[in-house]
Amino acid sequence: MMMDIISRFIGYHKLCLFPFYAFIQSYLTAHQQQVTRILVYLVQSCHDYVPPEELMPLVRVIADNFVTDHSSPEVIALGINTLSEIFLRIPLLYQMEELEPLIHEVVEFKNNRDKGVVVAARNFMNVKIERRSD
């Protein structure tokens, strides 16, 4: 409940509490009991004033723990949808050269056999195209 309140304050008032992102990173595993809530708290706390360098480790952790071929389709879709929301809120992440391989890896999931993963990957592509045209 405390994470929820803090993330709402950070997002609504556009605060820069960088230790919060490091704190939340320790809870980002696919086997965490409340992982969907924790990912929602993470997305709530993202806003335009957060430098992309602060979120790079979080994006990497989400990619490594959720968006892999070894994960279940539900976990992959959850990870891709979370990345879509983060990238939508912080479009400067698309300009980070270190994330280019990750972006291409996520887009490759559009050829997956699971429909939920395909929909999530296409949503990620649409967000990417939409943000680049702005």
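The values are calculated or read from the model by the stated rules, or taken from the named source; none is laboratory data. Being a predicted model, the structure only gives us computed values, none of them experimental. Ideal geometry is used to build each Cβ from the backbone, glycine not excepted, and the neighbour counts take in all protein chains shown. Calculation scope for accessible area: heavy atoms of the full protein, side chains included, ligands and nucleic acids excluded. Shrake-Rupley method; radii C 1.70, N 1.55, O 1.52, S 1.80 Å.
In this structure, does Ile129 turn out to be closer than 28 Å to Lys14 by Cα, assigned to a helix (DSSP H, G or I) and either at pLDDT below 90 or polar (S, T, N, Q) (or both)? So Ile129 passes the test.
Among the residues making up region 65-84, a single one is part of a helix (DSSP H, G or I) and open to solvent by 70 Å² or more (accessible area, probe 1.4 Å): Glu74. Listed conditions (1) part of a loop (DSSP other than H, G, I, E, B); (2) buried (at least 19 other Cβ atoms within 10 Å of the Cβ) are all met by Tyr41, apart from (1). In a residue-by-residue description of region 5-24, the property of being surrounded by fewer than 16 Cβ atoms within 10 Å (Cβ to Cβ), more than 25 Å from Gly116 (Cα to Cα), β-branched (Val, Ile, Thr) and free of Cβ contacts under 8 Å to residues at least 12 places away in the same chain applies to at least one position.
Scanning region 85-119 for residues that are open to solvent by less than 30 Å² (accessible area, probe 1.4 Å) and part of a helix (DSSP H, G or I) turns up Ile86, Phe87, Leu93, Tyr94, Leu99, Leu102, Ile103, Val106, Val107, Phe109, Val117, Val118.
Could you check, for region 26-41, whether at least one of its residues is more than 24 Å from Lys14 (Cα to Cα) and touching a helix residue (DSSP H, G or I) at 6+ places or on another chain (Cβ under 6 Å)? Among the residues of region 26-41, at least one is more than 24 Å from Lys14 (Cα to Cα) and touching a helix residue (DSSP H, G or I) at 6+ places or on another chain (Cβ under 6 Å), which makes the answer yes.
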